[in-house]
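These notes are about the structure you will find just below.
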Amino acid sequence: MADPSSYRPEPGQIPDSPGVYKFRDEHRRVIYVGKAKSLRQRLASYFQDIAGLHPRTATMVTTAASVEWTVVSTEVEALQLEYSWIKEFDPRFNVKYRDDKSYPSLAVTLNEEYPRVQVMRGPKKKGVRYFGPYGHAWAIRETVDLMLRVFPVRTCSAGVFKRSAQIGRPCLLGYIGKCSAPCVGKVTPEEHRELAEDFCDFMAGRTGAYLSRLEKEMHIAAEDMEYEKAARLRDDIGALRRAMEKNAVVLADATDADLIAVAEDELEAAVQIFHVRGGRVRGQRGWVTDKVEAVDTAGLVEHALQQLYGEEKGEAVPKEVLVPALPEDTPALSQWLAERRGSQVSLRIPQRGDKKALMETVHRNALQSLALHKTKRASDLTTRSRALEEIAEALDLDSAPLRIECFDISHLQGDDVVASMVVFEDGLARKSEYRRFQIKTFEGQDDVRSMHEVVSRRFRRYLQEKLKTGEWDPEEGEDVAGSVPEDDGRPKRFAYPPQLVVVDGGQPQVAAAKRALEELGIDDVAVCGLAKRLEEVWLPGEDDPVVLPRTSEGLYLLQRVRDEAHRFAIQYQRNKRGKRLKSGPLDEVPGLGESRKQALIKHFGSVKKLRQATIDQICEVPGIGRKTAETVAAALAQAVPAGPAVNTATGEIIEDETPAPAGASSERGTEQ
């Protein structure tokens, strides 16, 4: 624990201007990022008597070992830089919201020649129009199913679309009128894009004018005695009205706004966001966070605004944002939001009327979300704590293993040998810390040697990180070969050691892992193995296993860790084997990249025709020079072509003109 006075800057060194500051710990990792109108005043507040600081602030300044800052011109620049640094360094003492679930959105892929309507999750892509997010995927599908009657936009995947185009016959939706069938040319690309844009306009809330136009067309058709057309338009209007009813009107003035509410206690906070477009609730999201820094409601709102709009632009940022409390830098935040939208954004607290009533509804949702989160967490935390305590007692550990790493080896009859490392912290999977390895030092099937190699590589990297930060000074003769990367403040991939290493296997694998640790001089990490046959736990140097009761939460946790490592290793091994099996002779040509392989296949149609081409003909392909053409011709001449396919019914030899796969490439043998 550091004394803040040991790294306190001299008062004259700190500028009295806007800026962003970073606190780093003794290992140069960034632990806190903040911004200030006056760096001098803000930083001085951290170096007062520790007894007068908030407990969380006191923990942060005593964990830190240095502070540095960057001066900016305006408060808006400070806000942008703070957001960038929090995203880049992931500081442990900054509030970070985490979604309580992955919310689906309705997406229209306007970046494609034939836009597609589909359900999407995850990060947003450029050129795609999003609506939502929604609470459930089925809610999106019900809405889309109603609207496809009026806006028959493509919903099929690229494979289905291509297949229908090849056979000249649309899919079922094309026959029943819920797709305009652009795959077979029933509409032109321009007509289909116009349908997609009308769909987007309707979803964006511009419903009144469209419904009025349909009603007018229906009356005209009825007057002209075109009763079938009038009936179809009547049904279309009914379908659109049913789709609209799924999102009741909450604000009568067709407002576009986001409403943000916060429910909090001393330790945690829940944030709920309602997305209102055209006066209707079009989406909802929820976040939960631990209050790891001293922050009030206004500060939580500021962090929520940064996370919600940090990656958004244009209409994704609404004209109005309603919040329960205004942040300290409201003018700067409003300007930042306006820059992201491209026009003025109102950031305010609703005082009366429908907006205040809706804000109360959003706040009730936030309260329920926090209560539900606490109920789940209390139950889950009790079970996980008991499991870790049982493991510590069974393995005679000094304390509960808060970080567990498990290693598993996977191969297919000695080929494509790979290994996995999964990480569990506090009994929960930490997937961002998972790593995978390829066995480098030998070929063939030897799980014991493989385990020794993988554990050695993982902990050699750990020692390199300790060497870089000065936490460890190797004795003479000790070897930690390998380059040590420059420290940039980001959390390193192998920087944190586990309290327990679990290997998938019995005595031989456990002995190999323990030997790897001893060779590196590491004696403070426990090792055990979990054998699949009887689910028995093996310890180094013991002739008999430790048998945990079948009802033990500790055994259940070890099984989950082992099974997750096994799943991750098999997934990697299958992917690697699949790429190898798909590889073709062009993959062996040195210096021939993916783009030029695709160009060759596209030009000649197949590897067979490419093999028959002359060097001059290969040179005709754009991007292929004579030297590359000679290399390609030589590689194909050496490659042995596959035998001809035979029709087993007739015995006839089938001439294969199918293009060989050009997208496969061999995997590099490095940790990922």
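The values are calculated or read from the model by the stated rules, or taken from the named source; none is laboratory data. No experiment lies behind these values; they were computed from the predicted model shown. A quick note on method: Cβ atoms are made from the backbone with ideal geometry, for glycine too, and the neighbour counts reach across all protein chains shown. Just so you know, the surface numbers come from the protein's heavy atoms only, side chains and all, with ligands and any DNA or RNA stripped out. Shrake-Rupley method; radii C 1.70, N 1.55, O 1.52, S 1.80 Å.
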Original post:
Looking at (1) of a type outside the set (Val, Ile, Thr); (2) more than 16 Å from the chain's Cα centre (by Cα); (3) at pLDDT below 80, which is the one condition that is false for TYR103?
Top reply: (2)
**OP:** Could you list all residues from region 1-45 that are open to solvent by 60 Å² or more (accessible area, probe 1.4 Å) and hydroxyl-bearing (Ser, Thr, Tyr)?
**Re:** SER5, SER6
Original post:
Can you name every residue in region 307-336 that is modelled with pLDDT of 85 or more and touching a Phe, Trp or Tyr at 6+ places or on another chain (Cβ under 6 Å)?
Top reply: VAL317
Subject >> Subset of region 46-85 (residues that are aliphatic (A, V, I, L, M), open to solvent by 30 Å² or more (accessible area, probe 1.4 Å) and in a helix (DSSP H, G or I)) >> reply: ILE50, ALA51, LEU81
**OP:** Mind telling me which of the residues ALA512, ALA495 ends up being modelled with pLDDT of 90 or more, among the small types (Gly, Ala, Ser) and either in contact with a Gly (Cβ under 8 Å, 6 or more places away or on another chain) or open to solvent by less than 80 Å² (accessible area, probe 1.4 Å) (or both)?
**Re:** ALA512
Subject >> In region 332-360, the residues that are out of contact with any helix residue (DSSP H, G or I) (no Cβ under 8 Å at 6 or more places or on another chain) and without any contact (Cβ under 8 Å) to a residue 40 or more places away in the chain >> reply: SER334, ALA338, SER343, ARG348, ILE349, GLN351, ARG352, GLY353, LYS356, ALA357, GLU360
**OP:** Sort out which residues of region 191-213 are open to solvent by 40 Å² or more (accessible area, probe 1.4 Å) and over 34 Å from the mean Cα position of the chain (by Cα), and write them in order of number.
**Re:** GLU191, GLY208, ALA209, SER212, ARG213
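Yes or no: region 404-411 includes at least one residue that is more than 17 Å from VAL503 (Cβ to Cβ) and at pLDDT below 85.
No, that holds for no residue.
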**OP:** Search region 248-274 for residues being at pLDDT below 85 and either assigned to a strand (DSSP E or B) or among the hydroxyl-bearing types (Ser, Thr, Tyr) (or both), and hand back the single one that is farthest from THR375 (Cα to Cα).
**Re:** THR255
Subject >> Pairs where the first residue, in region 600-616, is on the phi > 0 side of the Ramachandran plot and the second is charged (D, E, K, R), C-beta under 9 Å, 6+ apart >> reply: GLY605/GLU657
**OP:** Kindly state which helices (runs of 4 or more DSSP H) lie completely within region 153-212 and contain at least 2 residues that are β-branched (Val, Ile, Thr).
**Re:** 158-167
Original post:
Of the residues that make up region 55-63, is at least one at pLDDT below 80 and touching a strand residue (DSSP E or B) at 6+ places or on another chain (Cβ under 9 Å)?
Top reply: no
Original post:
So which of ASP396, ASP408, ASP415 ends up being loosely packed, with under 15 Cβ neighbours inside 10 Å and under 24 Å from PRO540 (Cβ atoms)?
Top reply: ASP396
Subject >> Criterion violated by THR469 - all others in (1) modelled with pLDDT of 80 or more; (2) under 25 Å from GLU425 (Cβ atoms); (3) open to solvent by less than 60 Å² (accessible area, probe 1.4 Å) satisfied >> reply: (1)
Original post:
So GLY122 clears everything in (1) closer than 30 Å to ASN365 by Cβ; (2) modelled with pLDDT of 80 or more except one condition, right? Which one?
Top reply: (2)
Original post:
Is region 237-247 home to any residue that is crowded, with 18+ Cβ neighbours inside 10 Å, modelled with pLDDT under 75, among the hydrophobic types (A, V, I, L, M, F, W, C) and within 18 Å of LYS178 (Cβ to Cβ)?
Top reply: yes
**OP:** Report yes if some residue within region 519-539 is part of a loop (DSSP other than H, G, I, E, B) and in contact with a Cys (Cβ under 9 Å, 6 or more places away or on another chain); otherwise report no.
**Re:** yes
Original post:
Which residues, counting only those in region 528-540, are closer than 30 Å to LEU463 by Cα and open to solvent by 10 Å² or more (accessible area, probe 1.4 Å)?
Top reply: ALA531, TRP538, LEU539, PRO540
